[in-house]
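To start, the structure itself, in structure tokens.
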Amino acid sequence: MATAIALAPIAFSTIAFSPIAHASPGAHGPNGEHLDGQTAATASGLARLPDGSVNVPKLAQRRMVIRTTMVQEDSHPRTVELNGRVAIDPNAGGRVQAPFAGRIVAGPAGLPVAGETVRKGQVLARLIPVASAVERGNQEAALADLRAMRGLAERRVVRLESLEGTVPAKEIDAARAELASIRGREKAIGASVAGVETVVSPASGVIASSNVLAGQIVEARDVLFDVVDPARLLVEATSTDVALAGQIGSASLASAKDVRLTLVGGGRSLRDGALPISFRAQGTALPLAVGQPVTVLLKLTTTVKGIALPAAALVRNPANETVVWVKSGAMRFIAQPVEAQALDAHTVVITKGLSPENRVVVSGASLINQIR
């Protein structure tokens, strides 16, 4: 009995001095209110506390590569996000269309396929004219008439040339001109009946799309090939603000950070109710394809006041609100709802919801957000 009485105060003392997750000072809201407070429960490991904060031990922070930074408010260039689409640079690519209805025949190197490298002037295919039976019959009849007329004209020229000096020179010249005209007409109709049109590449680059097969019948103006330079493409964004093009300082792509965008200019004619703004995309092995939809981030010459953070610092809470994680103590993190705007492809600016001089998680925020 004595032993039991002696152990009772020790057990009580252990409970009375259990470590409680106190929040250290420094976590303030946008209006100066304290975000940290006494928690009603303790946690010695990874746990979400009853007040919504998260307890992360030091060892777990190192394993999760949690990094924080002390934030400061500053003025940053205002940004705008536009929808765009990748297009062919007209000075570094081209489109091959059928000049008339015909049948596709492979060239000396065969028919090129998408992704194949070609050079300017290279034969891509050959096009044999096709026509209906009636049209072909009329063309052959006209060709037969012209051949007969050519024979008569040739004999007449020979006869007049043999009488040179006895007949006026103007008659000889007229006969020669008539013969040249008949030969030209015969050549033109003969090419339409049995001639072959060579289809060549308008530029050096890569075949972006190929829409032909051997023996395929195509109509006039059908697109046969698209040729692009993979290192030179255009990005066309659209905006309803007609004055936006004059306020652009720089631009980048949200999905391709290494692509350099150079402003070409804004159009002066609305297209589907929006103004097109063109950018020239340059880089090594651009990760872009013609027709690909992209998001263009524009950094304007006007500024906005706020706190700049990496885009990875933003996460979503269970209520689908945008939040950042503020470090309130050695092991405690608090989720703070914020309003943010994109600053560039990998940076955002917090315009509302966060107070300066808070320590915000900039690496590993998504891992902290998953703790339940």
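The values are calculated or read from the model by the stated rules, or taken from the named source; none is laboratory data. All values reported here derive from a predicted model rather than from experimental measurement. Virtual Cβ from ideal backbone geometry, glycine too; neighbours counted across all protein chains shown. What goes into the accessible areas is simple: the full protein's heavy atoms, side chains included, and nothing from ligands, DNA or RNA. Shrake-Rupley method; radii C 1.70, N 1.55, O 1.52, S 1.80 Å.
A compact table of results
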| read-out | value |
| --- | --- |
| Most to least packed among 307-313, 328-334 [average Cβ atoms within 10 Å] | 328-334, 307-313 |
| Charge-dipole axis of the chain as Lys and Arg at +1 and Asp and Glu at -1 on Cβ define it, positive-most pick from Gly249, Pro50, Gln282 | Pro50 |
| For the range 213-220, 3J(HN,Hα) per residue [Karplus equation, 6.51 cos²θ - 1.76 cosθ + 1.60, θ = phi - 60°, Hz, x = Gly/Pro] | 9, 4, x, 5, 8, 10, 9, 4 |
| Under-5 Å amide H pairs with Leu224, H placed in peptide plane, nonlocal only | Val96, Gln97, Ala98 |
| q = 0.07, 0.10, 0.11, 0.15 Å⁻¹: log10 I(q)/I(0) that the Debye formula gives for the chain, counting C-alpha atoms only | -0.61, -0.87, -0.94, -1.20 |
| Span-like helix ranges in the chain, DSSP H, alpha carbon extent 18 angstrom or more, Kyte mean at least 0.5 | 2-16 |
| For the range 118-123, 3J(HN,Hα) per residue [Karplus equation, 6.51 cos²θ - 1.76 cosθ + 1.60, θ = phi - 60°, Hz, x = Gly/Pro] | 10, 10, 5, x, 5, 6 |
| Charge dipole (the chain, unit charges on Cβ, about Cα centre) - positive-most of Val200, Gly329, Val349 | Gly329 |
| Interatomic Cα distance distribution for the range 121-234, bins of 5 angstrom, percent | 2, 10, 14, 13, 11, 10, 9, 8, 8, 6, 5, 3, 2, 1, 0 |
| Rounded to whole Hz, the Karplus (6.51, -1.76, 1.60) HN-Hα couplings of the range 350-362, x for glycine and proline | 7, 9, 7, x, 10, 9, x, 6, 8, 9, 10, 6, 10 |
| Cross-link partners of Lys305 among lysines (Cα-Cα below 19 Å; sequence separation of 8 or more within a chain) | Lys352 |
| Amide H within-cut-off set for Thr238, under 5 Å, with H built and near neighbours excluded | Asn83, Ile277 |
| Carbon + sulfur, % of accessible area of the chain - ligands and nucleic acids excluded, 1.4 Å | 54 percent |
| For Ser255, residues with placed amide H under 5 Å, excluding near neighbours | Thr295 |
| All-pairs Cα distance distribution in the range 222-295, expressed in whole percent, bin size 10 Å | 18, 47, 30, 5, 0 |
| Size of electric dipole in the chain: Cβ of Lys, Arg +1 and of Asp, Glu -1, about Cα centre, debye, nearest 20 | 640 debye |
| Packing-based ranking, highest mean first, of 240-251, 83-94 given that Cβ atoms within 10 Å are counted | 83-94, 240-251 |
| Qualifying trypsin sites (Lys or Arg not before Pro) for the range 159-235 [loop in DSSP, other Cβ within 10 Å: at most 15] | Arg221 |
| Student exercise, the range 65-173 dipole from Lys, Arg, Asp, Glu Cβ charges, in Debye to nearest 20 | 320 debye |
| Euclidean distance between Cα centres, the range 176-227 to the range 258-319, Å | 41 Å |
| Accessible area (Å², per residue) of the chain, counting only protein heavy atoms and a probe of 1.4 Å | 56 Å² |
| Mean Cα-pair separation over length for the chain, i.e. relative contact order, pairs under 8 Å, 6 or more apart, % | 27 percent |
| Straight-distance crosslink candidates among lysines, where the alpha carbon sits under 19 Å from Lys257 and sequence neighbours closer than 8 are dropped | Lys299 |
| Check: the range 76-131 dipole with +1 on Lys, Arg Cβ and -1 on Asp, Glu Cβ, in debye | 140 debye |
| Partner lysines for Lys58 [C-alpha distance under 19 Å; skip if fewer than 8 residues away on the same chain] | Lys327 |
